[in-house]
Every structure is written in structure tokens, then in C-alpha cells.
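The values are calculated or read from the model by the stated rules, or taken from the named source; none is laboratory data. Treat the numbers as computed from the prediction; the structure is a model and nothing was measured. A quick note on method: Cβ atoms are made from the backbone with ideal geometry, for glycine too, and the neighbour counts reach across all protein chains shown.
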């Protein structure tokens, strides 16, 4: 499976969350004036073909918005959508991410002038063959 395939499938899946719609961006690409809430995601780990000790590829998803109950609900919606639930990629693959329990971390983005919640997921190595 390649990065582009997973990226497009993940983008499409995240766009199904009603609170954000198409306000889903690759990491650090959301314009500062984008209406909130919004989501950014990045790959943040090594793949097994590069590091034979690696069993998972890391994926980080950050939701930005007002630091109120709705932001926590958005984070919960992301976990419900993706944790051990398959999503379809453009090439027809169906990877399943695994949410890293207790990875829920509050952050602030100076660029976006917004609070965020950072979530970590793992993509098991079987999808990187």
C-alpha cells in the first residue's frame, strides 16, 4: 500500500464527519482563516520496510476548534470513525487504524489561533507490504 492511497482514503473518511465536512487538511496546510472546526492529519512514524523493528506506522490527527464540549465531541467522533473500523482507499484497500489509548492531548496552534486535540493512531504493518 502506498502513502497516496492511504492519504486519500483517510481524507475521504474524515470528510464524512458532519461537523467538519471538507475542512480536512494534510498537516500544517490549513489556512489561518479557515472556519473552525477543522482537521489536520500527518504520518508521523517509520514504516516497516525502512525500519525492520517497526510494527506500525504512526498517524496523527488533530482537530481544531473552540475549547468547549464540541471539540471533545469531534475528537470522540474521529475515534469512533477510525478505531479498528476499515475505511476504503482509492485502490480498494481497507486498512484499519488502531487508536492509541490515552493519546488525547490538548494543544494550541499559534498559526491557526485555535485550540486543538491531538489523537494518535497506528496502522499495523500488514498494510505496508
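What the table below lists for this structure:
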| read-out | value |
| --- | --- |
| Checklist (1) touching a residue at least 40 places away in the same chain (Cβ under 8 Å); (2) assigned to a loop (DSSP other than H, G, I, E, B); (3) over 13 Å from residue 39 (Cα atoms) applied to residue 102, failing item | (1) |
| Residues of the stretch 1-22 classified as part of a loop (DSSP other than H, G, I, E, B) and surrounded by fewer than 20 Cβ atoms within 10 Å (Cβ to Cβ), total | 9 |
| Residues of the stretch 23-33 that turn out to be part of a loop (DSSP other than H, G, I, E, B) and either surrounded by fewer than 14 Cβ atoms within 10 Å (Cβ to Cβ) or at pLDDT below 95 (or both), as a count | 6 |
| Leading residue by the ranking (farthest from residue 17 (Cα to Cα)) among those in the stretch 64-78 that are touching a strand residue (DSSP E or B) at 6+ places or on another chain (Cβ under 8 Å) and in a loop (DSSP other than H, G, I, E, B) | 67 |
| Residue among 123, 91, 97 that is in contact with a helix residue (DSSP H, G or I) (Cβ under 6 Å, 6 or more places away or on another chain) and part of a strand (DSSP E or B) | 97 |
| Of the criteria (1) surrounded by fewer than 17 Cβ atoms within 10 Å (Cβ to Cβ); (2) assigned to a helix (DSSP H, G or I); (3) modelled with pLDDT under 95, which one residue 81 fails | (3) |
| Tabulated pairs, the stretch 11-31, first touching a residue at least 60 places away in the same chain (Cβ under 8 Å) and on the phi < 0 side of the Ramachandran plot, second in a loop (DSSP other than H, G, I, E, B) and crowded, with 18+ Cβ neighbours inside 10 Å, C-beta under 6 angstrom, 6+ apart or interchain | 13/87 |
| Qualifying residue in the stretch 99-109 (condition: within 23 Å of residue 5 (Cα to Cα) and in contact with a strand residue (DSSP E or B) (Cβ under 8 Å, 6 or more places away or on another chain)) | yes |
